[in-house]
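The values are calculated or read from the model by the stated rules, or taken from the named source; none is laboratory data. Since we're looking at a predicted model, the values are computed, not measured. No Cβ is skipped: glycine too gets one built from the backbone with ideal geometry, and neighbour counts run over all protein chains shown. Note: areas computed on protein heavy atoms with side chains; ligands, DNA, RNA excluded. Shrake-Rupley method; radii C 1.70, N 1.55, O 1.52, S 1.80 Å.
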Amino acid sequence: MNNAFKYDVYFQQRILAIAIYREDYLRNLMGIIQPEYFTTNLLISSWKILIAKYLESGVKVSVDTLCMLLKNLLDVKTKKPVGFTADQVDTLREQLMETDYADAEIILQEVQGFCKQAAFLTVMATQVDKVMVGEYDELYLKMGELFSQDFTQAYMGMDYFTEVSKRYLTEGANSRKGVIPTGLDLDTSIGGGLAAKELGLVLAPTGRGKTAMMLNMAYAALLRGHKVTYISCELSEDALGARLDKLLMSAIRNMEEFLPIDVVSVVKKFGNSSKSRLMIREFPSRDLTVPKLQAYLKTLEATKKHKTDVLFVDYIGEMRIPTADREDLAYRQLASELRALANKFEIPVWTAHQMNRGSHEKLL
């Protein structure tokens, strides 16, 4: 399958130029652009050198250094055809030096979109034979990996040795970010609450209060002004709303002592006086997948201006389970996808699961 860039050589040169021009652009592109996307040997070699040197030293090479390294490939002693000449290297240098960076952001976005499409097409092309004979497991896993990959921020990770000062000498160093307390005694043992990019799991047998515990956590987040999203694969939206009503009213006195109009008034008053917001969404049992959940969160943000601060999924056992040889592997895959979601949105994610013999091992 041909995944070469659909852009002409001039545009491909501009991609190379902005990667040299801005280190943050290089970091974003190096994890998603494959060398074979370029359509000339000169640009393929240029990209390979640029990435190799950045990975070796953590410093992007200049245009002059890149061209020098390209010419080193022309050494006749190697006796290997490289597919370009010294004159072509000189021409590339001039073009890179003259590149206009005014629309670099547009170029970056365009390339990110192409790479995402190319990655999906590659997976589908390599899996089509297996799908034709009814083997879907590998396709499902690979698609899940792609859905969890961020094609706009292909961050390569922390350089342990060179970034030590960042861990200790910068503001907020060595601390967990975005910690949201649960409002329970649990906070004392988990560092004050669940932090961004972390997945919390509530384990308990049937009927022991898993939903009640997560609703209390959601209530605690609302009291602190957070935007909460609560997903249910079991109880209805109305049932969950009624349970939250009781928690809100309990701050005054028992729910049974209020008329319906009183409850409406108190809940609306709380909503109007607080920055907090709660969205409750019910999905049919065994229907919800992590990609569908991700799409829902993005739609919430785009249409309702609701950028989730903390997510509750009630519960993982009622989501659609990936196909796998063993049930424990399926649950581990699902838990991994939820952790990837927490990382992508940089939020804490709480979920629950029915506990029986060995159930905790399914998710660890």
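Zone of ASP64 (label point 7 Å along Cα→Cβ, backbone N under 20 Å): which residues in region 12-41?
Answer for this model: 17-23.
Rounded to the nearest 0.05, what FRET efficiency is calculated for GLU138 and LYS298 with R0 set to 25 Å and r the Cβ-Cβ distance? Don't skip to the end; give the middle numbers.
Numbers: r = 26 Å, r/R0 = 1.05.
That gives a FRET efficiency of 0.40.
If R0 is 56 Å, what FRET efficiency do you get for VAL264 and GLU98 from their C-beta distance, rounded to 0.05? Mind dumping the intermediate values first?
On the way: r = 67 Å, r/R0 = 1.19.
Computed FRET efficiency for VAL264 and GLU98: 0.25.
Going down the table (LYS53/LYS307; LYS53/LYS292; LYS116/LYS304), which pairs top 28 Å between alpha carbons?
On the way: LYS53/LYS307 38 Å; LYS53/LYS292 39 Å; LYS116/LYS304 26 Å.
Pairs exceeding 28 Å: LYS53/LYS307; LYS53/LYS292.
When ligands, DNA and RNA are left out and all protein chains stay put, how many square angstrom of accessible area per residue does region 170-279 have with a 1.4 Å probe?
Details: 6270 Å² over 110 residues.
That works out to 57 Å² for each residue.
Take VAL179 and SER236, extend 7 Å from each Cα along the Cα→Cβ direction, and tell me the distance between the two endpoints in nm.
4.0 nm
May I ask you to give the percent of accessible area on region 215-344 that is carbon plus sulfur, with a probe radius of 1.4 Å? Walk me through the numbers on the way to the answer.
On the way: 3310 of 6670 Å².
About 50 percent, which is the carbon plus sulfur part of the accessible surface.
Mind checking region 1-100 for GluC sites (Glu not before Pro) that DSSP puts in a loop (not H, G, I, E or B) and that have at most 16 other Cβ atoms within 10 Å? If you can, show how the numbers build up before the last one.
Numbers: sites: GLU23, GLU36, GLU56, GLU94, GLU98; in loops: GLU98.
Answer by residue number: GLU98.
From largest accessible area down, sort THR303, THR211, THR188, THR85; use a 1.4 Å probe on the protein chains.
Working: THR303 95, THR211 15, THR188 130, THR85 70 Å².
Output order, biggest surface exposure first: THR188, THR303, THR85, THR211.
From the protein chains alone at 1.4 Å, what is the descending order of accessible area for LYS268, LYS116, largest first?
Details: LYS268 125, LYS116 95 Å².
From most exposed to least exposed: LYS268, LYS116.
Which far-off residues, 5 or more places away or on another chain, put their amide H under 5 Å from the one on ASP314, with H placed in the peptide plane?
Under 5 Å from the amide H of ASP314 lie the amide H atoms of ILE231, SER232, CYS233, each far enough along the sequence or on another chain.
Which chymotrypsin sites (Phe, Trp or Tyr not before Pro) does region 1-101 hold that lie in a coil by DSSP with at most 16 other beta carbons within 10 Å?
Numbers: sites: PHE5, TYR7, TYR10, PHE11, TYR21, TYR25, TYR37, PHE38, TRP47, TYR54, PHE84, TYR101; in loops: PHE5, TYR7, PHE38, PHE84, TYR101.
Qualifying residues, ordered by number: TYR101.
How much length is gained if the chain between ARG326 and ARG224 is pulled fully straight, taking 0.36 nm per residue apart and subtracting their Cα-Cα distance, in nm to one decimal? Please list the in-between numbers first.
On the way: separation 102, 0.36 × 102 = 36.72 nm, distance 4.12 nm.
That works out to 32.6 nm of additional length.
Gain in length, SER285 to GLU105, computed as 0.36 nm per residue apart minus the alpha-carbon separation, to one decimal in nm?
Values: separation 180, 0.36 × 180 = 64.80 nm, distance 4.20 nm.
Additional length available on full extension: 60.6 nm.
For region 290-338, which trypsin sites (Lys or Arg not before Pro) are in a loop by DSSP, counting at most 12 other Cβ atoms within 10 Å? Before the final figure, lay out the partial values.
Working: sites: LYS292, LYS298, LYS304, LYS305, LYS307, ARG320, ARG326, ARG332; in loops: LYS305, LYS307, ARG320, ARG326.
Qualifying residues, ordered by number: LYS305, ARG326.
Just to be sure I understand the model, the point goes 7 Å from the Cα along the line to the Cβ. What's the resulting ALA251 to ARG27 distance in nm?
Distance between label points: 4.0 nm.
Out of PRO291, VAL264, SER274, whose Cα points farthest toward the positive end of the dipole of region 238-295 (charges: +1 Lys, Arg; -1 Asp, Glu; placed on Cβ)?
In region 238-295, that residue is PRO291.
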